[in-house]
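Data first, discussion second: the structure below is written as C-alpha cells.
The values are calculated or read from the model by the stated rules, or taken from the named source; none is laboratory data. Note that this is a predicted model, so its numbers are computed, not measured. So basically every Cβ, Gly included, is an ideal-geometry build from the backbone, and we count neighbours across all protein chains shown.
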Amino acid sequence: MIVGLIIPCKTNCCTTAIFSGKVTQDGRPIIWKNRDSSFEQNRVEYVSSGGPVKYSFIYVSNSFPSAEAWSGVNSAGFSIMNSVSYNMRKEGDTTAGNEMDKEGFVMYDALATCETLLEFEEMLDGLSKPMGIEANFGVIDAYGGAAYYEVNNFTWQKYDINDTPEGYLIRSNYSFSGREGEGQGYVRYDNAKDIINDRLKEGKKIDTRFVMDSLSRNFYQSELGINPISRGFDFYVDKDFIPRRSTVSVSIVQGVNPGEDRSLAVMWCALGYPPVSQIVPLMVCAGKVIPADMRATEKNVNSAACIRALKRKKEVFKINNDGAAYVDFRQMQLYLAPISSVEDKIYHDFFEMLDYWRECDRVDTGQLEGFYEDIEIR
C-alpha cells in the first residue's frame with residue numbers, strides 16, 4: 001500500500017528531548033537528539049584535553065575538518081546538543097545569513113570548556129553579539145543540572161527540566177519563547193510527546209533502548225493517530241515522522257548522578273538513518289580506542305558505519321514520485337532485524353559492565369577496550 005503526498009521542508013531540522021532522573025529507569029538524566037541535516041556524512045571525533053581544551057570530549061561531527069560539534073559529552077560529565085529554531089529571531093534583527101548558523105562552533109567550545117550549566121550560561125553571555133544563533137540547546141551536567149536554552153542573536157531563555165511536573169521536555173524546530181505559531185516540527189513534537197506519555201502512563205520509565213527503538217525509530221504520526229507499520233502498509237510517504245529521510249544520526253547521552261565518577265557518562269550513537277543503523281555505546285575515557293567503525297580512518301574521512309547506513313537508506317528510499325520520497329518498510333525491516341539482534345547482545349554485555357563499574361565508581365578502561373575489540377558491527 002502507498003499513501004500520501006509530501007510537503008517540502010527545510011532539512012536542518014531535529015527532534016530532541018531531555019529526561020530528568022524523575023522519569024528514567026535508573027534515576028540518571030538522558031539527553032537525546034535525532035539529527036536532521038542536508039550533510040549526510042557523519043563521524044565521531046575524540047578531542048583530548050590540553051591548551052584551550054579544558055576537558056576531553058567525544059562528539060558527532062560532519063565528515064570534514066571543522067571545530068563544530070552537533071552533540072557530545074565531555075570528561076566533566078557535561079553534555080550538549082541542539083535543534084535549529086525557526087521562530088527565535090527578533091523583529092528588526094538584520095544579521096546577514098553568512099553570519100548565522102554558529103551553533104556547532106558554540107557546542108564544540110562548550111564541550112571543551114564547560115563543566116556546569118552555569119558555565120554554559122556565562123559562555124553565552126560572553127559571546128559577541130549578534131551571536132549567529134537561532135536554536136534550542138539542550139544541556140545536562142554532572143551536578144543534576146538539566147535545561148533547554150532557547151537562544152537568538154542577542155538573548156536566551158532557560159527552561160529547567162527539574163522544574164517541570166512531567167520530568168522531561170521536548171524541542172523540535174521552534175522555540176516556546178519565540179514568535180507564536182511560527183517555526184517547524186510541530187507534528188514531530190506531538191509524536192514524541194504522545195509516545196513518551198503513553199510510556200509513562202503505563203507506569204514504565206525511560207531508558208536508552210526505549211529512546212532508540214521507540215523514539216528514534218518510531219513511525220507513529222500524531223496528526224493521523226497511526227503508525228503505518230502496525231497498520232500493515234508496505235510503503236508510506238516520508239512526512240512528519242521522527243526518523244526522516246534527512247535524519248543523519250542519533251545520539252543519546254546517559255549522564256551521571258551527582259557525586260558519581262563522571263567517566264561513567266555514556267553517549268550511545270548511531271550514524272546514518274536510525275532505522276537501518278546500529279547503535280554503539282561510547283565513553284570519553286576510551287579516548288581514541290572508540291570503535292574505528294565510528295571514526296574517520298587514514299584512508300577515508302567518512303566513517304564506515306555511516307557509509308554502510310547510507311547505502312541501506314538508498315534501498316529504503318528507492319521509490320520516488322514527483323518529488324515525494326516513500327519509506328519501504330519491508331526493506332527497512334530486512335535490515336533492522338539483524339541489527340536489533342546484535343544490539344540485544346550489546347545492551348546486555350555493556351550494561352552488565354556498566355553496572356559493575358558503577359558499583360566500583362570507576363571505568364575499567366581495559367575491559368572497555370576488550371568490549372570494543374569484540375563488538376559485532378552490522
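Filter the stretch 219-232 for residues that are crowded, with 20+ Cβ neighbours inside 10 Å and out of contact with any helix residue (DSSP H, G or I) (no Cβ under 6 Å at 6 or more places or on another chain) and give the result.
Scanning the stretch 219-232 gives Phe219, Gln221, Pro228.
How many of the residues making up the stretch 198-242 are among the basic types (Lys, Arg) and in a loop (DSSP other than H, G, I, E, B)?
5
Name every residue in the stretch 315-339 that is surrounded by fewer than 16 Cβ atoms within 10 Å (Cβ to Cβ) and over 17 Å from Lys239 (Cα atoms), in order of residue number.
Glu315, Arg330, Gln333, Leu334, Ala337, Pro338
Exactly one of (1) in contact (Cβ under 8 Å) with a residue 40 or more places away in the chain; (2) at negative phi is unmet by Glu121. Its number?
It is condition (1) that Glu121 fails.
Regarding Ser216, is this residue under 30 Å from Phe351 (Cα atoms), modelled with pLDDT of 95 or more and crowded, with 20+ Cβ neighbours inside 10 Å?
Judged against the criteria, Ser216 is a match.
Only one of these is more than 26 Å from Ala69 (Cα to Cα) and within 20 Å of the chain's Cα centre (by Cα): Tyr159, Tyr220. Name it.
Result: Tyr220 is the single residue among Tyr159, Tyr220 that is more than 26 Å from Ala69 (Cα to Cα) and within 20 Å of the chain's Cα centre (by Cα).
Among the residues of the stretch 39-96, what is the count of those that are out of contact with any Cys (no Cβ under 9 Å at 6 or more places or on another chain), modelled with pLDDT of 95 or more, surrounded by fewer than 22 Cβ atoms within 10 Å (Cβ to Cβ) and in a loop (DSSP other than H, G, I, E, B)?
So the answer is 6.
Restricting the search to the stretch 290-314, which residues are surrounded by 15 or more Cβ atoms within 10 Å (Cβ to Cβ) and among the hydrophobic types (A, V, I, L, M, F, W, C)?
Selection gives Ile290, Met294, Ala296, Ala304, Ala305, Cys306, Ile307, Ala309, Leu310.
List every residue pair whose Cβ atoms lie under 7 Å apart, where the two residues are 6 or more positions apart in sequence or sit on different chains, the first residue falls within the stretch 138-152 and is closer than 7 Å to Thr116 by Cα, and the second residue, located anywhere, is surrounded by 24 or more Cβ atoms within 10 Å (Cβ to Cβ) and modelled with pLDDT of 95 or more.
Asp141/Gly77; Asp141/Phe78
Any idea which of (1) crowded, with 20+ Cβ neighbours inside 10 Å; (2) in contact with a strand residue (DSSP E or B) (Cβ under 9 Å, 6 or more places away or on another chain) is the one Gln157 doesn't satisfy?
Unmet for Gln157, out of (1) crowded, with 20+ Cβ neighbours inside 10 Å; (2) in contact with a strand residue (DSSP E or B) (Cβ under 9 Å, 6 or more places away or on another chain): (1).
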